[in-house]
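Asker: Below you will find the structure I want to go over with you.
The values are calculated or read from the model by the stated rules, or taken from the named source; none is laboratory data. Here the structure is a predicted model, which means the values were calculated and not measured. Cβ placement follows ideal geometry from the backbone for every residue including glycine, while neighbour counts extend to all protein chains displayed.
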């Protein structure tokens, strides 16, 4: 097939006119929350954090969250939303609201109240991004995130900070723990691959393909150097999901062929290196217990059995196991949710993950939105695998939790963009219903089907002629014209209303 799109000129191509944007805040505020939560210039023991003592670093972190909330309130106000909230946003608010509310009965109320406020601010930012930003804004955020991680790797190489006895042989930067560094690197790897493989939509890229390839080499090497097995496993799982969904059926065929070749090569040439990475110099006893995690999880299940319905409160798992294990947190997102939030909070957490996955899978059915949705599914797959050994996904104020809510926001921007499209041919949808029993008129249906029929009559050329690919393009454009210029503008309560204009939308956070 012929590859269409904007030709790439220079390392950092510029396009005219620029893509639509809701403003700089849409990508700056989420990044500020991540960096304030995880990037530290000092290290302190877990018991000091649990005790509620605040030093200058903590005060700066809280101040950044507060300024983000004040900016959104000042710019958009706190009026009730004028549009009905979607199921995905409702699931996100329900989870965040319950987790923050559980701080009221936490044994560590100071820590719980601060973390609960940070979680609600993060959700406010995500909701505002979801209702006002564009996919272009989220792509800018993704590129800025990758750039920050690459710069962080450079800092870790040029100026290594003091290490503890547990991390002396593992790569990190500043006082970021190697596990957290592995999460940053795993997400950055998936985002880089997600933009690198967009052969048919190069206009989505902000950099030259050579930049993405070089960044991928640096990020992958740094991820291996962290020695974080959970992040490495999550990255592998995320890549499988991304490649299987971001390019449709063709991508799944490529995945099978490429996966078989890579697996054989890894087994034959790098088996000893892979086993050494997994073992990481630990004894068979420590490996069998997942580095003492199974013992920790046994204690966590005992704590859950004592408060199974509503949990012990936000932040409880940070201090419950210090005396017995010397560890803070459940080191598993679902175990952490059970201890802190009980069955109610864990059900809300699971509902959010399932709803997010379902929405993204539906969006992948639209060819023009598939690349973004597949990339987001890859990141979600990374989190689900990595959360087996880390608790960040279910805990507030860290990169995993912020990115989870960003996935919700990104999925919402794609859903809004897809409101003006119809599902691709063969998706099983019939006539689009209109209140009152009517359906699309013959003239509107013709505007969708006639361009496809004309294009299908043209044979595909040897290098990919206009043929069926042109038909798919005509389907999207014809449907968009039909659904935005037809009877939808006059029928109240239409099933597919026009997508709101980003700058002029009356939607509130």
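Asker: Residue check: is residue 368 within 22 Å of residue 243 (Cα to Cα) and at pLDDT 95 or above?
Answerer: When the stated conditions are applied, residue 368 does not pass them.
Asker: Closer than 28 Å to residue 36 by Cβ and crowded, with 22+ Cβ neighbours inside 10 Å: does that describe residue 211? Before the answer, list the steps.
Answerer: On the way: closer than 28 Å to residue 36 by Cβ: yes; crowded, with 22+ Cβ neighbours inside 10 Å: no.
When the stated conditions are applied, residue 211 does not pass them.
Asker: For the range 202-217, what are the residues that are in contact (Cβ under 8 Å) with a residue 60 or more places away in the chain and touching a helix residue (DSSP H, G or I) at 6+ places or on another chain (Cβ under 6 Å)? Break it down into steps so the answer makes sense when it comes.
Answerer: Taking the range 202-217 as the starting set, the residues that turn out to be in contact (Cβ under 8 Å) with a residue 60 or more places away in the chain are 202-211, 215.
Answer for the range 202-217, where residues must be in contact (Cβ under 8 Å) with a residue 60 or more places away in the chain and touching a helix residue (DSSP H, G or I) at 6+ places or on another chain (Cβ under 6 Å): 205, 206, 215.
Asker: Looking at the range 294-341, which of its residues are in contact (Cβ under 8 Å) with a residue 60 or more places away in the chain and at positive phi?
Answerer: Of everything in the range 294-341, those that are in contact (Cβ under 8 Å) with a residue 60 or more places away in the chain and at positive phi turn out to be 311, 313, 315, 329, 331.
Asker: When you go through 358, 382 one by one, which is the residue that is crowded, with 23+ Cβ neighbours inside 10 Å and either out of contact with any helix residue (DSSP H, G or I) (no Cβ under 8 Å at 6 or more places or on another chain) or assigned to a helix (DSSP H, G or I) (or both)?
Answerer: Step by step, each of 358, 382 is checked, and only 382 is crowded, with 23+ Cβ neighbours inside 10 Å and either out of contact with any helix residue (DSSP H, G or I) (no Cβ under 8 Å at 6 or more places or on another chain) or assigned to a helix (DSSP H, G or I) (or both).
Asker: Answer yes or no as to whether residue 136 is under 18 Å from residue 375 (Cβ atoms), at pLDDT 95 or above and either surrounded by 24 or more Cβ atoms within 10 Å (Cβ to Cβ) or under 18 Å from the mean Cα position of the chain (by Cα) (or both).
Answerer: Here the answer is no, as residue 136 does not meet what is asked.
Asker: In this structure, is residue 227 at pLDDT below 90 and farther than 30 Å from residue 358 by Cβ?
Answerer: For residue 227, the condition - at pLDDT below 90 and farther than 30 Å from residue 358 by Cβ - is met.
Asker: Assess whether residue 405 counts as being in contact (Cβ under 8 Å) with a residue 12 or more places away in the chain, assigned to a helix (DSSP H, G or I) and within 18 Å of residue 97 (Cβ to Cβ). Walk me through how you get there before you give the answer.
Answerer: Numbers: in contact (Cβ under 8 Å) with a residue 12 or more places away in the chain: yes; assigned to a helix (DSSP H, G or I): yes; within 18 Å of residue 97 (Cβ to Cβ): yes.
Judged against the criteria, residue 405 is a match.
Asker: Name every residue in the range 292-337 that is modelled with pLDDT under 90, surrounded by fewer than 15 Cβ atoms within 10 Å (Cβ to Cβ) and assigned to a loop (DSSP other than H, G, I, E, B), in order of residue number.
Answerer: Matches in the range 292-337: 292, 326.
Asker: While we're here: Kindly establish whether residue 83 is assigned to a loop (DSSP other than H, G, I, E, B) and either touching a residue at least 40 places away in the same chain (Cβ under 8 Å) or outside the structural domain of residue 64 (by TED's automatic domain parsing) (or both).
Answerer: Here the answer is yes, as residue 83 does meet what is asked.
Asker: Evaluate the following for residue 186: is it surrounded by 20 or more Cβ atoms within 10 Å (Cβ to Cβ), modelled with pLDDT under 95 and in a helix (DSSP H, G or I)?
Answerer: In short, no.
Asker: In addition: Going by the conditions given, is residue 409 surrounded by 24 or more Cβ atoms within 10 Å (Cβ to Cβ) and either outside the structural domain of residue 331 (by TED's automatic domain parsing) or under 29 Å from residue 338 (Cα atoms) (or both)?
Answerer: Yes; evaluated as a whole, the condition is true for this residue.
Asker: Something else now. Test each condition in (1) crowded, with 22+ Cβ neighbours inside 10 Å; (2) more than 23 Å from residue 42 (Cβ to Cβ) for residue 180 and report the one that comes out false.
Answerer: (2)
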